[in-house]
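Structure first, commentary second.
The values are calculated or read from the model by the stated rules, or taken from the named source; none is laboratory data. Please read all numbers here as calculations on a predicted model, not as lab measurements. Positions of Cβ are generated from backbone atoms using ideal geometry, with glycine treated the same way; all protein chains shown enter the neighbour counts. In case anyone asks, the SASA skips ligands and DNA or RNA and just uses the protein heavy atoms, side chains included. Shrake-Rupley method; radii C 1.70, N 1.55, O 1.52, S 1.80 Å.
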Amino acid sequence: MFYQLLFVVFSLSTTSISASAPVHETIEKTMPKVVAIYVEAQADADVNNPNEHQKTTKLSTGTGFFVNNQGLIITNAHVVSQAKNIVVKTYDGQEATANVVGLDHDSDIALINTPITNAPFITFEQLAEAKVGDTVYAIGNNFGLPHSLTKGIISATHRFNSQSKIEDFIQTDTAINMGNSGGPLINKHGDIIGINSI
């Protein structure tokens, strides 16, 4: 079985929605905190095409989530680092442009800001305890299909990826596909376990 590596940036958690809340209620309350991200970036011209002398534009997708009620969103740095234009779309269909506030390539984390205010958001308050075998859920812009939900388990913790400067990954068999990068991995209580990266 192919396992995706799930990038753990914050070993912190949100306030639990309710320890006894059914999972579908937890998901319903978490979805509005997540945004789909659409990026227009500059791409180098195809060197194999002599008729193409100018740089071209490429489109890509990602995911992020609100971390305050003033429009601040966390996502992966690789999602927005080359962006010319960024558009985010909320669960209720609002669309807004976003600006990059900061990038940290070593941790692959970016902060972007939008004019959307008073959206529900994820807060980081206490260390999350991720255990092998825990059921987890990923919310993301899966293959460009916004707010898609996938489910799996934590397969291992404290993994190492030689291509990254981060040495602490969560391994999960949850489906993490193109467009999921930057979205949250949560447990059944709505606590954030990590940030998806592909």
Got the relative contact order for segment 69-134 handy, in percent, Cα pairs under 8 Å and 6 or more residues apart? 39
Grab the Cα-Cα distance for M31 and S81, subtract it from 0.36 nm times how many residues apart they are, and report the gain in nm with one decimal. 15.5 nm
How much of the accessible area of segment 84-145, probe 1.4 Å, is carbon plus sulfur, in whole percent? 49
Which value, in Å² and to the nearest 10, is the accessible area of L145 when all protein chains are kept and the probe is 1.4 Å? 110
Can you compute the charge dipole magnitude of segment 94-198 about its Cα centre, using +1 on each Lys and Arg Cβ and -1 on each Asp and Glu Cβ, nothing else charged? Give it in debye, rounded to the nearest 20. 260
Can you give me the distance in nm between label points at N69 and V101, each placed 7 Å from the Cα along the Cα-to-Cβ direction? 1.6
Considering amide H positions built from the backbone, and no H for Pro or chain starts, which residues 5 or more places from F65, or on another chain, come under 5 Å of its amide H? V35, I74
From the C-alpha gyration tensor of segment 79-198, square roots of 5λ in Å: 24, 18, 14
Do any of K84/K151; K29/K131; K84/K131 go past 31 Å between their Cα atoms, and which? K84/K151; K84/K131
In whole Hz and in residue order, list the ³J(HN,Hα) couplings for segment 28-41 that follow from phi through the Karplus curve 6.51 cos²θ - 1.76 cosθ + 1.60, θ = phi - 60°; x for Gly and Pro. 4, 7, 8, 3, x, 7, 9, 10, 8, 10, 10, 10, 9, 10
